[in-house]
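Here's the structure we're looking at; comments come further down.
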Amino acid sequence: MSPLGIYIHWPYCARICPYCDFNVYRSRRGGDAEEALVAAMRADLAAYRAWTGPRALVSIFFGGGTPSLMAPAHVAQLISVCCDLWSAEAELEISLEANPTDAEAARFEGLRAAGVTRLSLGLQSLSDQELKFLGRDHSAAEGRRASMLALRLFDRCSADLIYALPNQQLQAWSETLNEGVQMGFSHISPYQLTIEAGTAFARATQRGAWRPCEEDRCADLYDLTQTQLSAAGFEAYEVSNHAKGPSERARHNLLYWTGKDYVGVGPGAHGRLSRDGVRFATQAPDRPAAYIAARRGANLAPPPMTRLTSVEAAEERLLMGLRLVEGVSWAEVAALGLVPESPVITALVEEGHLRIDAIGLRTTAAGRRLLDHLTRRLVLASAD
Ligand SMILES: C[S@@+](CC[C@H](N)C(=O)[O-])C[C@H]1O[C@@H](n2cnc3c(N)ncnc32)[C@H](O)[C@@H]1O
Ligand code: SF4
């Protein structure tokens with residue numbers, strides 16, 4: 001049976017952060033409203049099972065939004081539905097994204113009892129001043145308390161951190177990273193602050209309230225991240241993900257980066273599924289009410305799917321695969337006409353940004369610093 005992952009999107013947050021452009025709605029939910037959304041997700045999962053047939057379930061990921069606001073009983077219920085529908089592998093990874101407020105940390109025990117094995121904690125920073133700038137609703141002390149508790153309760157824990165804040169000094173970022181390492185996280189995801197269109201941060205920068213971190217500083221902060229985490233025994237297995245050895249890699253995200261199948265349920269969730277060599281994309285309606293309405297009365301009818309052309313599928317493989325140190329195989333990008341002798345490949349190898357062999361292509365450490373630029377050149381060259 002081929003492997004399958006499940007992504008479950010919980011779209012509610014207690015407060016909307018000024019940099020966030022995910023599909024999120026301000027609400028704590030609970031009660032009947034939470035019940036209705038969970039019922040729609042259960043129906044959605046059953047419909048996907050009717051389409052996929054039996055598969056080996058390797059991962060369930062509760063993402064958001066803020067799934068740590070979900071009632072643990074609902075998390076347990078959805079895990080049990082997934083395991084009843086598909087065959088759970090012995091090494092099934094069950095991850096959940098949590099915000100580190102005291103109120104949410106109080107649910108960690110319930111979430112672990114519900115079956116969560118891996119907690120991804122949105123620390124973002126360990127400085128009160130930076131957290132205030134990021135509009136977070138937790139203090140650095142709460143972040144530290146939640147980290148200690150998570151590391152004690154869960155088999156595996158990851159910390160999300162955001163860097164490249166305006167004027168951020170290398171020393172300040174180095175101290176945050178070091179504290180994350182010292183606390184004992186075995187997986188760290190440091191993300192460079194991106195000013196996303198339509199967010200409060202985009203409006204603030206447009207009216208000149210503050211200027212984003214300048215590019216050379218961003219590059220220095222990225223380089224510092226690589227050097228410091230590598231010295232602490234972390235492998236930079238993906239552009240923004242560092243793990244203390246292969247067993248600590250995020251198995252769910254590896255499904256995305258290696259082109260495997262995953263079902264996406266919940267408002268706005270994306271999925272990718274394959275059948276008879278054809279790849280399909282799914283996207284659920286964004287608004288919770290529309291999502292619930294779409295599932296009502298649909299019974300086991302499959303959610304709408306878009307068939308990807310072989311070029312679209314290969315383009316996705318290139319964009320996702322080059323994020324990983326292992327890269328992609330020539331066979332996966334054949335539909336783009338990329339071969340070892342392609343002029344763009346030769347140029348990128350000579351520049352020291354790509355490495356190739358008989359199996360495929362992968363970025364060098366220097367290439368990963370310029371990944372967006374590299375992938376744009378490869379895609380444009382294949383379109384010629
Ligand atoms: C789905 S989000 C949020 C998970 C959780 N609700 C939280 O806020 O901690 C996953 C991660 O994406 C990162 N992120 C979101 N927006 C970002 C942005 N504009 N720039 C950089 N990182 C971002 C944050 O580190 C966040 O933890
Ligand atoms: S960053 Fe996290 S908590 Fe903040 S709005 Fe986005 S999903 Fe919600």
Is there a residue being at positive phi, outside any helix (DSSP H, G or I) and buried (at least 21 other Cβ atoms within 10 Å of the Cβ) anywhere in segment 266-283?
-> yes
Pairs, first more than 19 Å from residue 158 (Cα to Cα) in segment 126-144, second of a type in the set (D, E, K, R), C-beta under 9 Å, six or more apart | 130/136; 135/15; 137/15
Qualifying position, being modelled with pLDDT under 95 and closer than 30 Å to residue 242 by Cβ, among 324, 336, 318, 273 = 336
Tell me, yes or no, whether segment 282-304 has at least one residue that is under 30 Å from residue 234 (Cα atoms), charged (D, E, K, R) and out of contact with any Asp or Glu (no Cβ under 9 Å at 6 or more places or on another chain).
-> no
Could you give me the residue pairs with C-beta distances under 6 Å whose first residue belongs to segment 19-40 and is under 16 Å from residue 291 (Cβ atoms) and within 16 Å of ligand 1 (Cβ to nearest atom), whose second residue is in a loop (DSSP other than H, G, I, E, B) and of a type in the set (D, E, K, R) wherever it lies, and which are 6+ apart or on separate chains?
-> 23/286
Within segment 235-250, which residues are assigned to a loop (DSSP other than H, G, I, E, B) and among the polar types (S, T, N, Q)?
-> 240
Taking into account only those residues within segment 135-151 that are surrounded by fewer than 18 Cβ atoms within 10 Å (Cβ to Cβ) and within 13 Å of ligand 1 (Cβ to nearest atom), which is modelled with the highest pLDDT?
-> 135
Residue 259 is checked against (1) within 25 Å of residue 2 (Cα to Cα); (2) part of a helix (DSSP H, G or I); (3) not β-branched (Val, Ile, Thr) and fails just one. What number does that condition carry?
-> (2)
Selection from segment 201-234 of residues in contact with a strand residue (DSSP E or B) (Cβ under 6 Å, 6 or more places away or on another chain) and not in a helix (DSSP H, G or I) yields 234
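The rows are residues; the columns are (1) surrounded by 19 or more Cβ atoms within 10 Å (Cβ to Cβ); (2) within 16 Å of ligand 2 (Cβ to nearest atom); (3) modelled with pLDDT of 95 or more.
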site: 3; (1), (2), (3): no, no, yes
site: 6; (1), (2), (3): yes, no, yes
site: 38; (1), (2), (3): yes, no, yes
site: 48; (1), (2), (3): yes, no, yes
site: 51; (1), (2), (3): no, no, yes
site: 68; (1), (2), (3): yes, yes, yes
site: 84; (1), (2), (3): no, no, yes
site: 90; (1), (2), (3): no, no, no
Residues of segment 205-223 that turn out to be aliphatic (A, V, I, L, M) and surrounded by 17 or more Cβ atoms within 10 Å (Cβ to Cβ), as a count | 1
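The values are calculated or read from the model by the stated rules, or taken from the named source; none is laboratory data. For clarity, every value in this text was computed on a predicted model and none was experimentally measured. Neighbour counts run over all protein chains shown; Cβ positions are idealised from the backbone, glycine included.
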